[in-house]
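The values are calculated or read from the model by the stated rules, or taken from the named source; none is laboratory data. Predicted model, so just to flag it, every value in this text is computed and none were measured. Heads up, the Cβs are rebuilt from the backbone with ideal geometry, glycines too, and the neighbour counts pull from every protein chain shown.
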Amino acid sequence: MNGPDGRDIRGVRLFDGFLDAAAQAAMVSDVRDIVRAAPLIAPVTRRGQALSVRMTSAGDMGWITDRGGYRYAPRHPSGVAWPPIPASVLAVWRTVVPDARTPESCLVNWYAPDARMGLHQDRDEGDFDQPVVSISLGDDALFRIGNVARGGSTESIWLRSGDVLVMGGAARLIHHGVDRIAPGTSTLLEAPGRINLTLRVVS
């Protein structure tokens, strides 16, 4: 890991290249263990609309969405328990947000080359004083940052493999999303695409 320096973008803290190549490869191996224990699912909204990302989770709670709505659940939809958050992932959290509580959930999103994520807020958690930490692995993603209130101007930045982003403080509820993936910009994964790990305190 690189040092805890970072730069501010609309209140969001970006740590460029936080994970070196070896750390990224080790974390991908840990993610594969998560997926073997709790396979990726193709989520839908409460209206039955399919999301373009596939997802799973690690930790005490996992974030799910289906016709029952957005929520955290103690088990994978198959009924199996979520696997623990890997030590490699927890180490990132403890370095970039050392004063925060221990995260209870790590959402794993797999972005295929054509996947997107519209502007949204992370607001299903119980304590907005606790940050959200996002780790990027694989191909570059064009990440859009908006405002806490809906609407207004936005700014887009490229997130690259090994980057870590923190949404906390006044930016904890900022709108954000992924406009597109740039296939072939990383050789980390076996196939084109991106893994995003999002650490959250749920309770």
* To do: Please name all residue pairs, on different chains or six or more residues apart, with Cβ atoms under 6 Å, provided the first residue is in region 38-54 and is polar (S, T, N, Q) and the second residue is assigned to a loop (DSSP other than H, G, I, E, B).
  => SER52/ALA115; SER52/ARG116
* Can you give me the number of residues within region 118-154 that are part of a strand (DSSP E or B) and among the acidic types (Asp, Glu)? => 1
* Asked: For region 64-76, what are the residues that are free of Cβ contacts under 8 Å to residues at least 40 places away in the same chain and closer than 14 Å to LEU51 by Cβ?
  -> ILE64, THR65, ASP66, ARG67, GLY69
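Yes/no per residue for (1) surrounded by fewer than 18 Cβ atoms within 10 Å (Cβ to Cβ); (2) over 18 Å from SER136 (Cβ atoms); (3) at pLDDT below 95:
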position	(1), (2), (3)
THR65	yes, yes, yes
GLY79	yes, yes, no
PRO84	yes, yes, no
ARG94	yes, yes, no
GLU104	no, yes, no
* Scope region 106-155; condition in contact with a Ser or Thr (Cβ under 6 Å, 6 or more places away or on another chain), touching a residue at least 60 places away in the same chain (Cβ under 8 Å) and surrounded by fewer than 18 Cβ atoms within 10 Å (Cβ to Cβ); matching residues -> ARG116, GLY126
* To do: For region 79-117, enumerate the residues that are in contact with a helix residue (DSSP H, G or I) (Cβ under 7 Å, 6 or more places away or on another chain), of a type in the set (Val, Ile, Thr) and assigned to a helix (DSSP H, G or I).
  => VAL89
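Would you mind stating whether THR198 is over 25 Å from ASP99 (Cβ atoms), of a type in the set (Ser, Thr, Tyr) and either in contact with an Asp or Glu (Cβ under 8 Å, 6 or more places away or on another chain) or surrounded by fewer than 21 Cβ atoms within 10 Å (Cβ to Cβ) (or both)?
Judged against the criteria, THR198 is not a match.
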* Asked: Of all residues in region 112-158, which are touching a strand residue (DSSP E or B) at 6+ places or on another chain (Cβ under 6 Å), among the hydroxyl-bearing types (Ser, Thr, Tyr) and either at pLDDT below 95 or farther than 22 Å from ALA73 by Cα (or both)?
  -> SER136, THR154, SER156
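Can you tell me which residue in region 1-60 is surrounded by the most Cβ atoms within 10 Å (Cβ to Cβ), limited to those that are among the acidic types (Asp, Glu), in contact with a Pro (Cβ under 8 Å, 6 or more places away or on another chain) and outside any loop (DSSP other than H, G, I, E, B)?
Just the residues of region 1-60 that are among the acidic types (Asp, Glu), to begin with: 5, 8, 16, 20, 30, 33, 60.
Adding the requirement that they be in contact with a Pro (Cβ under 8 Å, 6 or more places away or on another chain) leaves 30, 33, 60.
With outside any loop (DSSP other than H, G, I, E, B) added as a condition, the list becomes 30, 33.
Working: ASP30: 16, ASP33: 13.
Per the criteria, the residue is ASP30.
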* Look at region 157-175 and say how many of its residues are crowded, with 16+ Cβ neighbours inside 10 Å, touching an Asp or Glu at 6+ places or on another chain (Cβ under 8 Å) and in a strand (DSSP E or B). => 2
